[in-house]
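Okay, structure first, notes after.
The values are calculated or read from the model by the stated rules, or taken from the named source; none is laboratory data. If you're wondering where the values come from, they're calculated on a predicted model, not measured in any experiment. So basically every Cβ, Gly included, is an ideal-geometry build from the backbone, and we count neighbours across all protein chains shown. Keep in mind that these areas ignore ligands, DNA and RNA; they rest on the heavy atoms of the full protein, side chains included. Shrake-Rupley method; radii C 1.70, N 1.55, O 1.52, S 1.80 Å.
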Amino acid sequence: MAVVASAPGKVLVTGGYLVLEKPNAGLVLSTNARFYAIVKPIYEEIKPGSWAWSWTDVKLTSPQLLRESIYKLSLKTQSLQSVSPSQARNPFVEKAVEYCVAAACAKFVDNDNKNALHKLLLQGLDITILGCNEFYSYRSQIEARGLPLTSESLASLPPFSSITFNDEESYGENRKPEVAKTGLGSSAAMTAAVVAALLNYLGVVNLSLLTGKVGSGFDVSSAVYGSQRYVRFSPEVLSSAQAAKNGIPVQEVIVDILNQKWDHERTKFSLPPLMTLVLGEPGVGGSSTPSMVGAVKKWQKSDPQKSLDTWRKLSQGNSELETQLNMLSKLAAEHWDSYKYIINRCSMLTSEQWIHQASEPSQQTIIKALLGARNAMLEIRHHMRLMGQAAGVPIEPDSQTKLLDATMNMEGVLLAGVPGAGGFDAVFAVTLGDSTNNVIKSWSKLDTLALLVREDPRGVALESCDPRTKAITSAVSSVHI
């Protein structure tokens, strides 16, 4: 009866901070790093006389954190209560359980379905969450093993390895997260996977093996639907969820949310052909996005004129980058031979040499779009740095600036930046043709660990089995080979 669902991590290429407000768009790429949620009953059978019970058990296990939490779930109010006040809490999963059960109760109103749901819930909910290694920093484990700081060393670690906790060091108000993360949106991917698994397990939705149809904000939307161009929904859509903090029953909240008009915009987006997304971890342990966003919002209120000007210039840069990437995709479709030739030539050269590679008009147009995309990225980085300085937060810290400048000067690199809210998370680069390996080797010399992350447009999905079983099978197969 186990249901296994997964959701991808993401890289927000453009739209950091701006995507929080309509009508600004964000370009987000989903990745092959996935979070998994496994939902199954705790008990194989319902104990005699338990039909009238108004409470059931919920067990949440996070093997990578060596944590297990036990809850009681009220079948009347759909609220969770921790069995032990001292146990570790996961508010994302707790709310996911409450809202998913409330959604099931709201959907099944006839007696037969209500009784079947009640019986299923009385068997308890056993939830296990697992995140791919790419969501977390494993530099310390690699160094402890005496291995070089390479992607091969990272690949040698067991799947779903134990997670490193950050120390108490902080950067002013920009505190590190509890665990050392790479910035791929682990909380959103985890929540999307848990919600998908629970809704499918409870019979609220029937997800295919490819994708599903639940979503909300930018992080969650990318975790559900994959790579996309996204404009957020109106905040009023979730006003009832905010009101739930004031004691409004979950059942009323979920019915209101389900009846709301979700006015977000989501359109297809992916990198142009022959381009590769690559991420590098600088080894600082990540940044706290909420505290950085809070600092930027505080600056906006204190200096509205300057912040509006910066916002406008960032929006222009984001739009220009989107235009040039879409133009490159269009040129690839219309002039494939010229496109392939130019990408392969430029993959072996630094950007200063690209302009000399064109011998015909279509090739010149392609190179113009490549250079236009680079210049737009440089403009975005410039204004993000200025915004960070004004707000007093390290959106592009000096150490990241040096790394990104060095990366942009490498052969075959089109773009490089700090994704999303910036800070000390992993940096990203977009490479041309076969230049990725050279970038990875150069990063290693710069004490930057290349992650095993690539673009994967797939959104939330049902899985055929526990991912740990799949990992063991793959390991055994490789040994036999």
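Points worth noting:
- Just so you know, in region 20-35 the residues that are open to solvent by less than 10 Å² (accessible area, probe 1.4 Å) and among the aliphatic types (A, V, I, L, M) include one that is farthest from residue 469 (Cα to Cα), and it is 27.
- Which listed residue is surrounded by fewer than 15 Cβ atoms within 10 Å (Cβ to Cβ), hydroxyl-bearing (Ser, Thr, Tyr) and either farther than 30 Å from residue 421 by Cβ or out of contact with any strand residue (DSSP E or B) (no Cβ under 8 Å at 6 or more places or on another chain) (or both), from 310, 323: 323
- Qualifying positions in region 276-292 - modelled with pLDDT of 90 or more and open to solvent by 20 Å² or more (accessible area, probe 1.4 Å): 276
- Annotation: of all residues in region 371-383 being open to solvent by 20 Å² or more (accessible area, probe 1.4 Å) and among the hydrophobic types (A, V, I, L, M, F, W, C), the one that is nearest to residue 307 (Cα to Cα) is 378.
- Residues that are of a type in the set (Gly, Ala, Ser) and not in a helix (DSSP H, G or I) were ranked within region 371-412; the one that is nearest to residue 301 (Cα to Cα) is 392.
- Here residue 234 passes the criteria (1) surrounded by 14 or more Cβ atoms within 10 Å (Cβ to Cβ); (2) in contact (Cβ under 8 Å) with a residue 12 or more places away in the chain except the one numbered (1).
- Single unsatisfied condition, residue 425 versus (1) surrounded by fewer than 18 Cβ atoms within 10 Å (Cβ to Cβ); (2) touching a Lys or Arg at 6+ places or on another chain (Cβ under 8 Å): (1)
- Residue count for region 24-48 under the criterion of being in contact (Cβ under 8 Å) with a residue 24 or more places away in the chain and farther than 25 Å from residue 458 by Cα: the result is 6.
Residue by residue, here is whether (1) under 27 Å from residue 24 (Cβ atoms); (2) surrounded by fewer than 24 Cβ atoms within 10 Å (Cβ to Cβ) holds:
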| position | (1), (2) |
| --- | --- |
| 416 | yes, no |
| 420 | yes, no |
| 429 | yes, no |
| 434 | no, yes |
| 438 | no, yes |
| 443 | no, no |
| 446 | no, yes |
| 452 | no, yes |
